[in-house]
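Here the structure is laid out as C-alpha cells; the discussion comes afterwards.
The values are calculated or read from the model by the stated rules, or taken from the named source; none is laboratory data. Bear in mind that the values here come from a model prediction, so they are computed numbers and not experimental data. Glycine gets a Cβ as well: all are built from the backbone with ideal geometry, and neighbour counts include every protein chain shown. Heads up: the accessible areas ignore ligands, DNA and RNA and are worked out on the full protein's heavy atoms, side chains in. Shrake-Rupley method; radii C 1.70, N 1.55, O 1.52, S 1.80 Å.
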Amino acid sequence: MPRTQLSDRVEALRLQREALGRSRTRRTVTRRDGVRCQVLDGSGGGRWLLNFCSNDYLGLSQQFAVAGALQHTAASQGAGGTASHLVCGHHAEHEALERACADWLGAPRALLFGSGYLANLAVVQGLLGEDDLCVQDKLNHASLIDAARLAGCKLRRYPHGDVEGAVRQLRTLPDVAALLATDGVFSMDGDIAPLRQLVLAARVQQALLYVDDAHGIGVIGPEGRGSVAAAKLDATQVPLQLMTLGKALGGYGAVLVGDAGLIQHLSETARPYLYTTALPPALASASLAAIALARKDHWRRERLRALIGRFRDGAAQRGFSLLPSTTPIQPLLCGDNARANALAQALEVRGYWVTAIRPPTVPDGSARLRITLSAAHSEADVDGLLEALSGASESSGVRSPAHASLSPA
Ligand SMILES: *Cc1c(COP(=O)(O)O)cnc(C)c1O
C-alpha cells in the first residue's frame, strides 16, 4: 500500500469544504475608523463597510487613552516581551495589570497569559490529569474543548445550558477530580450560562467551577465585572474566571482571575504559561488604560444596552426572529450554509459587514449571521443595518424576512 499523500488529502478536503459552503476566506482591512472599515476587494481597491462583526463591544480599541498607553510604553520599553515570565520577561506593567484585574473582579490573584486560547489550555492541562474529568457545556468555546483534549482527561459534554445534564455527567465519574467549565456569555449565541445553578451543581458534586467570560467582561454586570458579578456571585463561589483582553477591552491577551493557590500552581506548572514569551509590556499598558475606562464609563454599557434594544425591536417588527440574547451578540439563524453565505454577501453589497458563521464553529444546520453591536455604533447605524437586512433577505432568495430564521436544530 502506498502511503497517503498529505497534499492529496488536503486538496480533497478543500474541494469538500467548497461543496459544503464551508470555505473560509480572510478579508484584508486596510483602514479602521471607529466602526467603519476599509476592506480590500477582489480588484485590489478598498471599500468602506460598516462593521457589525467585531468584538470591540465598548469601542475601546481605538480610544486615545488605550492606544496612547501602548505607544508610550513601547517607546520606552520596546516592542517585545523578550522572554517568558519565569525567565526575565515579567515586567512591572504585567504585574500592575494582574493587580488591576484582581482588584476589578474582587479576587485574590490574577495571572496574565498571551491569549485566551493559551489560558484555557493552561487551566485544564495544569489542573487535570488522565484520570480526571472535565465536564463542559456543548456550546463552549473551541479552546476549552481543545484544552480537555490536550490534558488527556475524560471530557463529557452536556446539552447547552442544561444544569441537570451537567450533574449527570459529573455523576458518571464520582471519585475523580473534576472541573466544570462553561462560557459565561456564549460566543456564538450570546446567551448567558445559568451560573447560580452551576455553582450549586459544582458544590454538590465537589467539582471546581471555571467560567470563561471572554464576552461578558466589560459588557455586563456592575462596573462591567462580567457574568459572574452579574449573577451576584464572586470569587469564593467561582474559584477561576477568565477575562480576555482582545474583545471588550480592545487589546490582546487574557487574564485568569481567582483563587491564589490554584493560580500559583498554574504559574509554576502549566506548560502554556511556562513555554511562551510574555505579552509585550506595551499591550499590558493598553489593557490597564482600557480597564480604567471600562470600569468608569457606565455610559458605554448603557448605550450598548439601548442599541441592543433598538436592534431587537426593529428586527421583531420586520419579522426576523433572533435568538434570545440580551448581550451585544445577536445571532440571526439561517440554517444552511448557502443561505448564511448569501445573506452575508447581500449585506456586503449594501455596505454592511457581518460574517456568516458556519460549522464546525457552530453545530451542523445552524449557520448564522453573528451580528455584534458596539457602543461605538450610532442609532442610525443600527437602523441602517435593519433596513439592509430586510433588503438582503429578499434579494438573497429568502422569501420573507421571517424565513431568514429557523429554530435551533
Ligand atoms: C475569543 C475567546 C477565547 C479565546 O481568546 P483569545 O484571547 O482570542 O485567544 C476563549 N474563550 C472564549 C469564550 C472566546 O470567545
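Worth pointing out:
- Checked against the criterion of being open to solvent by less than 10 Å² (accessible area, probe 1.4 Å) and within 21 Å of the chain's Cα centre (by Cα), the candidates Asp146, Asp189, Asp162, Asp183 yield just one match: Asp183.
- Residues that are closer than 20 Å to Ser54 by Cβ and modelled with pLDDT of 95 or more, drawn from region 315-330: Ala315, Ser325, Thr326, Thr327, Pro328, Ile329, Gln330
- Within region 165-195, the set of residues being in a strand (DSSP E or B) and within 13 Å of the ligand (Cβ to nearest atom) comprises Ala181, Thr182, Asp183, Val185, Ile192.
- Qualifying residues in region 253-277 (those that are closer than 20 Å to Leu288 by Cβ and touching a Ser or Thr at 6+ places or on another chain (Cβ under 7 Å)) - the one surrounded by the most Cβ atoms within 10 Å (Cβ to Cβ): Ala254
- The residues of region 232-245 that are out of contact with any Gly (no Cβ under 7 Å at 6 or more places or on another chain) and open to solvent by 20 Å² or more (accessible area, probe 1.4 Å), listed by number, are Lys232, Thr236, Gln237.
Residue-by-condition table, conditions (1) in the same structural domain as Lys232 (by TED's automatic domain parsing); (2) more than 16 Å from Asp137 (Cα to Cα); (3) of a type in the set (Lys, Arg); (4) within 14 Å of the ligand (Cβ to nearest atom):
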| site | (1), (2), (3), (4) |
| --- | --- |
| Arg156 | yes, no, yes, no |
| Gln197 | yes, no, no, no |
| Ala202 | yes, no, no, no |
| Leu209 | yes, no, no, no |
| Val219 | yes, yes, no, yes |
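- Checking Arg358 against (1) under 18 Å from Ala315 (Cβ atoms); (2) crowded, with 23+ Cβ neighbours inside 10 Å, the condition it does not meet: (1)
- From the list Arg9, Arg26, the one residue that fits, being in a loop (DSSP other than H, G, I, E, B), farther than 27 Å from Leu307 by Cα and charged (D, E, K, R), is Arg26.
- Test: residue in region 10-21 that is of a type in the set (A, V, I, L, M), within 24 Å of the chain's Cα centre (by Cα) and at pLDDT 95 or above: no
- Residue in region 223-242 that is closer than 20 Å to Leu105 by Cα, within 15 Å of the ligand (Cβ to nearest atom) and touching a Lys or Arg at 6+ places or on another chain (Cβ under 7 Å) present: no
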